[in-house]
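One structure below.
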2 protein chains.
Amino acid sequence: MIKVVVNISLKFGVLDPQGKAVNHALHTMGFDSIKSVRVGKQIVLDMQDDTDENILKNVTLMCESLLANTVIEDYTIEIVR
Amino acid sequence: MIKVVVNISLKFGVLDPQGKAVNHALHTMGFDSIKSVRVGKQIVLDMQDDTDENILKNVTLMCESLLANTVIEDYTIEIVR
């Protein structure tokens, strides 16, 4: 078994209302050092071990077809050995 | 300005229906190498630079009071220099 971490974030320039809300809430609570907040997803997959190449190929396919909305989201894939 | 990445994940043992749904969907699509999926949040903060100690103290306070539900969620804080 191997752990693969997929981080999905909104592309630069795409409005992030959830991030804006968190930013506003933090300022209301007195955390004035915050300039901006972006909220994304982190998906952790437990999967059968394979070569790095195969894992990367498969997880990229998963991201493109299900996990990420590639119109507005970017993703990164990290294999944790 | 400095970037701080906060990863928030459900604690071990807490049911993750979203992860289960993603897992099921991936299997339906033929990705049989997946054993389990956990879905968490990644919050990226842009904030004023300070000492690592101060940043960590402030962001921990943010996590405890707003960002994470510490009853069911764990968080990690990473300062990206």
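Taking the listed residues B:Asn7, B:Asn54, the one that is touching a Phe, Trp or Tyr at 6+ places or on another chain (Cβ under 7 Å) and not in a loop (DSSP other than H, G, I, E, B) is B:Asn7, with no other qualifying. A:Asn58: under 19 Å from the mean Cα position of the chain (by Cα), closer than 26 Å to B:Ala25 by Cα, exposed (fewer than 14 other Cβ atoms within 10 Å of the Cβ) and not hydrophobic (A, V, I, L, M, F, W, C), yes or no? Considered against the rule, which asks whether it is under 19 Å from the mean Cα position of the chain (by Cα), closer than 26 Å to B:Ala25 by Cα, exposed (fewer than 14 other Cβ atoms within 10 Å of the Cβ) and not hydrophobic (A, V, I, L, M, F, W, C), A:Asn58 comes out as no.
Considering the stretch B:61-81, and only residues there that are away from every other protein chain (no Cβ under 12 Å) and either without any contact (Cβ under 8 Å) to a residue 40 or more places away in the chain or more than 25 Å from B:Leu15 (Cα to Cα) (or both), the residue that is surrounded by the most Cβ atoms within 10 Å (Cβ to Cβ) turns out to be B:Ile79. Being assigned to a loop (DSSP other than H, G, I, E, B) and touching a residue at least 40 places away in the same chain (Cβ under 8 Å) is a condition met by at least one residue of the stretch B:13-33. Taking the conditions (1) among the hydrophobic types (A, V, I, L, M, F, W, C); (2) closer than 18 Å to B:Lys35 by Cβ; (3) in contact with a Gly (Cβ under 8 Å, 6 or more places away or on another chain) in turn, A:Leu61 satisfies each one other than (3).
Using the structure shown, decide if A:Lys3 is of a type in the set (D, E, K, R), touching an Asp or Glu at 6+ places or on another chain (Cβ under 8 Å) and more than 9 Å from chain B (Cβ to nearest Cβ).
Details: of a type in the set (D, E, K, R): yes; touching an Asp or Glu at 6+ places or on another chain (Cβ under 8 Å): yes; more than 9 Å from chain B (Cβ to nearest Cβ): yes.
Answer is yes for this residue.
Values in this text are rule-based calculations from the coordinates and carry no lab data. On a predicted model such as this, the values are computed, not experimentally measured, just so you know. Counting neighbours? That spans all protein chains shown, and the Cβs are built from the backbone with ideal geometry, glycine included.
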